[in-house]
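Reading through the structure tokens given below for one structure.
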Amino acid sequence: MRVPVFTHPSCLKHDPGSGHPETSARLQAVLSRLRTEPAVTLRESAPASIAALTPVHPDSYLATIEEMSERGGGALFLDTVLSRDSWDAALGGAGAVLAATDHAAEGKGHAFAAIRPPGHHALAGKGMGFCLVNNVVVAARRAQAAGRQRVLIIDWDVHHGNGTQALVETDPSIRYVSLHQYPWYPGTGAADERGVGNIFNVPRGPGKPASLYVGDLWAGIVAATMNWAPDVVFISAGFDAMKGDPLGGFTLEPEHYADWTTRLRTHLPSTPIVGLMEGGYAPQRLAEGVASHVRALA
Ligand SMILES: [Zn+2]
């Protein structure tokens, strides 16, 4: 089966400034690579409505992003920088994620969203870590509204998704499993942060054999799905855990993302999987990681 990959052209216009690692070249590389992939159908989605974001973010925070962008941009928080097109990029990216979510929630199969900026560091009322809108939690709420109550979020970005954890840690209907470098940015993600028993953190040091990271995240997924069958799976799919990434020290290769994806499909054979782009700061490596994951969804 061909896998739909949803995207939005505004995602390419967000510009956090020269020298910033979260560049449009990242998404350009991914889209160029996916255009050569026979298993992929690229689709342009509509931008998200503000109403789709308000289950996660207060209106006042969203208005701040919109107004700062209209004024030409500026630093929202430290290295989380807006340009004139950042609000449109946030809505475009969230829209692609929602289109992928709707595809999955309607029982049409797996999907992927090729987007930027990333989302898993964004808190309800505060952007950080290059993230403006917490796309994966927006998607989880949309899936729940469509009747898919039990949501599993897997986060294999090299950084802990502090925003995602903060947004779901009191909600037993969502389980969150994260493999991440630790201690490392953003500082959260210790194994004893368990939420209401729904948080499964797998913190690991850098430079270990890839097989250790692969096996340990998988063990976390198995633990999270013990006697608990999700209705949908979201993957906060960062690819900065690959060897050589400038913002991480893990050692993964493209085939490891296919390995996890294939194992997931075997483990949860009737559950739709939606991947969405998070980090990954070596554009060609990011593109190869995405292609490997998406091919395994086909
Ligand atoms: Zn990251």
Worksheet item: With θ set to phi - 60° and the Karplus curve 6.51 cos²θ - 1.76 cosθ + 1.60, what are the ³J(HN,Hα) couplings of segment 178-188 in order, to the nearest whole Hz, using x for Gly and Pro?
Response: 10, 9, 7, 5, 7, x, 5, 4, x, x, 8
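Taking the Cα centre as origin and putting +1 on Lys and Arg beta-carbons and -1 on Asp and Glu beta-carbons, what dipole magnitude results for segment 1-140, to the nearest 20 debye?
Numbers: 11 positive and 13 negative charges, 91 e Å.
Dipole size: approximately 440 debye.
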Worksheet entry | Against the rule of thumb 2.2 N^0.38 Å, how large the Cα Rg of the chain comes out | 0.89
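Tell me what the chain gives for mean residue ellipticity at 222 nm when only DSSP H runs of n ≥ 4 count, each as -39,500 (n - 2.57), the sum divided by the residue total, rounded to 500 deg cm²/dmol. Could the numbers behind the result be given before it?
Working: 9 runs with 110 residues, N = 298.
Calculated at 222 nm, the ellipticity per residue is -11500 deg cm²/dmol.
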Worksheet entry | Sites matching chymotrypsin sites (Phe, Trp or Tyr not before Pro) across segment 221-265 that sit in DSSP coil, with at most 16 neighbouring C-beta atoms within 10 Å | 228
Response to the item:
For the chain, percent of DSSP beta bridges that are antiparallel (nearest 5) comes out at 15
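If you average 1/r over all unlike Cα pairs in segment 185-298 and invert the result, what Kirkwood radius do you get in angstrom?
Details: mean 1/r = 0.0673 Å⁻¹.
Computed over segment 185-298, the radius equals 14.9 Å.
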Worksheet entry | Set of aspartates and glutamates near residue 13 by C-alpha distance (under 12 Å), chain-local residues within fewer than 8 positions excluded | 22, 85, 88
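Bear in mind these aren't lab numbers, they're just calculated from the coordinates by the rules spelled out. Just so it is clear, the model here is predicted, and its values are computed rather than measured. Here Cβ is always computed from backbone atoms with ideal geometry, including for glycine, and neighbour counts include all displayed protein chains.
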